[in-house]
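Structure record follows, encoded as structure tokens.
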Amino acid sequence: MPWHFRDQQKREVDIVLERDDGMIAGIEIKASATVRSGDFAGLRTLAEACGKRFAQGVVLYDNIDTVPFGDRLAAAPLSCLWA
């Protein structure tokens, strides 16, 4: 089931997915061709809140490259949803 995440400092994640085994994945969607480290603030906060249950965080963006942004975090092309 999809969820939305927002903490008291208003850091948020657009879509949060939880598997039956409790593992969590976060998806942030950006209408931009570039991604910066700050775009992962909500995903980093979610990862910290979930601890070992955090499986992966992805920022989907308007470009063709998949770029790692740290442990279990990456930027991926929005088009990968249809590839």
TODO: Assess whether ARG36 counts as being at pLDDT 95 or above and more than 18 Å from ARG53 (Cα to Cα).
DONE: yes
TODO: Could you give me the residue pairs with C-beta distances under 8 Å whose first residue belongs to region 13-29 and is under 22 Å from ASP39 (Cα atoms) and free of Cβ contacts under 8 Å to residues at least 40 places away in the same chain, whose second residue is in a loop (DSSP other than H, G, I, E, B) and of a type outside the set (Lys, Arg) wherever it lies, and which are 6+ apart or on separate chains?
DONE: LEU17/MET1; GLU18/MET1
Open item on the list: Anything in region 25-57 that is of a type in the set (Val, Ile, Thr) and within 20 Å of LEU78 (Cα to Cα)? List them, or say none.
Closed with: ILE27, ILE29, THR34, VAL35
Task: Selection status of ALA25, among the aliphatic types (A, V, I, L, M), under 16 Å from PRO2 (Cβ atoms) and in contact with a Leu (Cβ under 7 Å, 6 or more places away or on another chain) - done: yes
TODO: Could you tell me whether THR45 is of a type in the set (S, T, N, Q) and within 12 Å of the chain's Cα centre (by Cα)?
DONE: yes
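The values are calculated or read from the model by the stated rules, or taken from the named source; none is laboratory data. It should be emphasised that the depicted structure is a prediction, and the values quoted were computed from it without experimental measurement. Note that each Cβ is placed from the backbone with ideal geometry, even for glycine, and that neighbours are counted across all protein chains shown.
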